[in-house]
Every structure is written in C-alpha cells, then in structure tokens.
Amino acid sequence: MAVFVALGAFLMTLAGGWTAQRVTDRRHLVLGLAGGLMLGVVGLDLLPEALRAAGEEVFGVPAALLLFVAGFLLAHLVERLLAARQVAHGAEEHDGRAPEVGLTAAAAMVGHSAMDGVAIGAAFQVGGGMGLAVALAVIAHDFADGFNTYTITSLYGNARRKAITMLFADAVAPVIGAASTLFFTIPEQVLGGYLGLFGGVLLYLAAAEILPEAHHEHPARSTLLCTIAGAGFIWLVVGLAGSG
C-alpha cells in the first residue's frame, strides 16, 4: 500500500515539473494549499503520534519534541549552507549563477524526496489513517518539489536534458524510499522519533519555503484561504480516521 501511494508522489512530482515549464498565474494557489496540508499534517497528526510513540523524556522534554526542533534546525542549516554556496559561486561566475549550484540543490531535493517515501512507509506501519494523512502531505509537497527541482536546475544554466533528469530522479525517489520500508519494521520508539524529526523538516519547508513563495508575488486573500482549507482538510481526514 505504501509503495502504491508513493506512486502518487511520483506522478505529482512529474506534474510539478511539467507545470514549471507552463507556469500560470494560479501557481500561488497550489502552493498555498500545499502549505496548509503540510501544516495540518505536522500539527494535527505527526506530532501527536510522535509524542505517543516516542514516549521518553530527555532532561524534562519529550524526545519527539527535541527531534522535532532538531529537524527544523537541520532543514534550516541545509538551506543556509546551500545559500552560502550559491553566494560563493555567484561571486565567481560572470552571470552570477553556477550550474553546479543548481545541480547540488536539485540533488538535495532528491534526497529529501527519498526520505518522504520512508515517511510514507513508516506512517503506514503505524496505521492506514496516518499513512493516508502523511501521503496527502507528501503528495502535495512533491508537486512543489517537482516544480522547484526543474526550475532551480534550469535557473542556474543547466541544459533542459539535465533538468528533466533531475526531475525524474526526484519523482522516483519517494517510491524507492517507501519500498525500502517493506524490508524492515521500525521499532515504535524509533518510529516516534523519526516522525518528530520529519515533522520539524516538513514544518520548515512549509513555513520557510512553500508559503513565502506562495505569497511572494501574489499576497492574495485567495492564497490564504487555500492554506486554511488545506489545514482544515487534514483535520477532517484525522477526524474521520479516528472515528473509523
């Protein structure tokens, strides 16, 4: 089931890349909705489950929350390191853009997508309801991933062929990640810790990447409404899964 659902992430990533080549003025609405879905999954499903499964406290703080903060900081650190590298390369390049920076950033997104797939598999080990909620967030997020993977690879002067190659790698990565969880069962405490860490990363991507991008050129009320709708939809999914 996890691998089957991950195929949705595969298709959504490709759809994001396809859209990047034919971007419309409605992109901000899609990104706003994706940000809301991600926020809803983190706050309403991932963190409660992580707190239940991880159990232990470390110096008075639940381990899941420590890992949640660590995941947020880790995502921030990776982004800052890539930004610093872009500045360094930009100073050396005549046009301010180094193709290697685009490929490095795209490769980092591929690695993140593989962990998205692991998160789907891990969530289905907890239960179908949570697996569905995580899958919805990952699928929504992967549209933006595909869009950004193609865009950033092309933006830094790489050929269209390389951009499509990185897009395809980003699409395949969550399927491989989900398939890997078929060969092992994650212990409950480890699973809780991982979900906390992943929740921190997901929240950072929503708050620092997806939503600012959604409002950057179109700070419209409709974008905000899409974000609220995304979070509300996850609330509905969690509520139905809990009552089922």
### Summary
Output ordering of 203-216, 30-43, 57-70 (per-residue mean of other Cβ within 10 Å, highest first) is 30-43, 203-216, 57-70
#### Entry: Neighbourhood net charge (13 Å Cβ-Cβ; Lys/Arg +1, Asp/Glu -1) for A53
-3
### Query
Zone of R52 (label point 7 Å along Cα→Cβ, backbone N under 18 Å): which residues in the stretch 102-133?
120-133
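Within the stretch 146-232, what whole-number % of the accessible surface is contributed by carbon and sulfur, with the 1.4 Å probe and all protein chains included in the calculation?
Working: 2870 of 4190 Å².
Here carbon and sulfur together make up 68 percent of the probe-accessible area.
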### Query
Which translational diffusion coefficient, to the nearest whole µm²/s, is obtained for the stretch 126-174 from the Stokes-Einstein equation, given a Kirkwood hydrodynamic radius over C-alpha pairs, 37 °C and 0.692 mPa s?
278 µm²/s
### Task
Calculate one ³J(HN,Hα) per residue across the stretch 122-139 by plugging θ = phi - 60° into the Karplus curve 6.51 cos²θ - 1.76 cosθ + 1.60, and present them in order as whole Hz with x for glycine and proline.
5, 5, 5, 5, 6, x, x, x, 5, x, 5, 5, 5, 4, 4, 5, 5, 5
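The values are calculated or read from the model by the stated rules, or taken from the named source; none is laboratory data. Keep in mind it's a predicted model, so treat the numbers as computed, not measured. Please note: Cβ atoms are built from the backbone with ideal geometry, for glycine as well, and neighbour counts cover all protein chains shown. SASA here: full protein model, heavy atoms, side chains in, ligands and nucleic acids out. Shrake-Rupley method; radii C 1.70, N 1.55, O 1.52, S 1.80 Å.
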